[in-house]
1. Please compute, for the alpha-carbon atoms of the chain, the extent along each of the three principal axes and give them in descending order in Å.
2. With a Förster radius of 30 Å, plug the Cβ-Cβ distance of Ala75 and Arg35 into 1/(1 + (r/R0)^6) and report the FRET value to the nearest 0.05.
3. Please list, ordered by chain and number, the residues whose modelled amide H lies under 5 Å from the amide H of Ala29; skip anything fewer than 5 residues away on the same chain.
4. Go through Lys104/Lys140; Lys71/Lys112; Lys126/Lys149; Lys40/Lys104 and tell me which ones have a Cα-Cα distance over 21 Å in this structure.
5. Taking a spot 7 Å from the Cα of Arg148 along the direction of its beta carbon, which residues of the stretch 155-172 have an amide N less than 13 Å from it?
6. Would you mind telling me the share, in percent, of accessible area of the chain contributed by carbon and sulfur at probe 1.4 angstrom?
7. Give me the number: length gained by fully extending Phe21 to Ile160, i.e. 0.36 nm times residue separation minus the C-alpha to C-alpha distance, one decimal in nm.
8. Between Arg103 and Thr50, what is the spin-label point distance in nm, taking each point 7 Å from the Cα along the Cα→C-beta axis?
Amino acid sequence: MGPTIETERLILRPIDMEADFEGYCEIMADEDTVRYIGGKTMPPPMVWRTMATVLGHHHTRGYSFLSVIEKATGAWVGRVGPWYPHGWPAPEIGWTIHPGHTRKGYASEAGKACLDYVFNDLGWEKVIHVIHPENHASMKTAEKIGSRKIGEIDGLEGIIDETCFIYGQDRA
C-alpha cells in the first residue's frame, strides 16, 4: 500500500506494523523527539493506534507517511511523507527522525524525494510543513528542501495550542 521511493542512501516504503513498531515506539517515547509533534510521549498501545491512524490516512487519502530505511544497514530511520489530516491548513510533507539517526541529512534527503512524489505523482500544486516555532532543526530541513516561511497558524485543534510556523513551496 503506497509507493517505494529510493534515494542515494534511503528507501522510503509503506509503513509495516510489525517491522516498524519497535522504531515507532522508540521515537514516540523520546521526549526530545515528541516535544514538537504533540508534546507527549506515548506508551506502546498508543503508538500502535498512531500507526493505525497513518495507515487509515493512506486508505482515506491515498497517501501517507512512509517508513524511512537506511540502505547500508537496513535500520529504520523514521517516518517522512505526505500528510493531510482534518484541520490541517493544506497538504503537508512531514518528518520525524529516530534520535539515533538525526544530523545525517536523512530528513532533507527523504523530504526532497517526497516533494518529487507529491508534485509529480500526486499532482499537488503546493506543499506545507507545520513547524513548532522552537524546532530550529525542522526549519532548517524545510529550507534545505526549498521551502520558506509563508505564515503562521494559531495552533491545531486537539494537537497543539501554540502558534506554529508554516513553511511551504509551490510546484516548480
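1. 37, 33, 33
2. Details: r = 23 Å, r/R0 = 0.77.
Computed FRET efficiency for Ala75 and Arg35 comes out at 0.85.
3. HN-HN under 5 Å from Ala29: Met42.
4. Values: Lys104/Lys140 13 Å; Lys71/Lys112 17 Å; Lys126/Lys149 13 Å; Lys40/Lys104 25 Å.
Pairs exceeding the cut-off: Lys40/Lys104.
5. Residues passing the 13 Å test: 167-170.
6. Details: 4380 of 8950 Å².
Here it works out to 49 percent.
7. Result for the pair: 47.6 nm of gain on full extension.
8. It is 2.3 nm.
The values are calculated or read from the model by the stated rules, or taken from the named source; none is laboratory data. Not measured: the values here are computed from a predicted model. Cβ coordinates were reconstructed from backbone atoms using ideal geometry, including for glycine residues, and neighbour counts include every protein chain displayed. Accessible surface areas use protein heavy atoms only, side chains included; no ligands, DNA or RNA. Shrake-Rupley method; radii C 1.70, N 1.55, O 1.52, S 1.80 Å.
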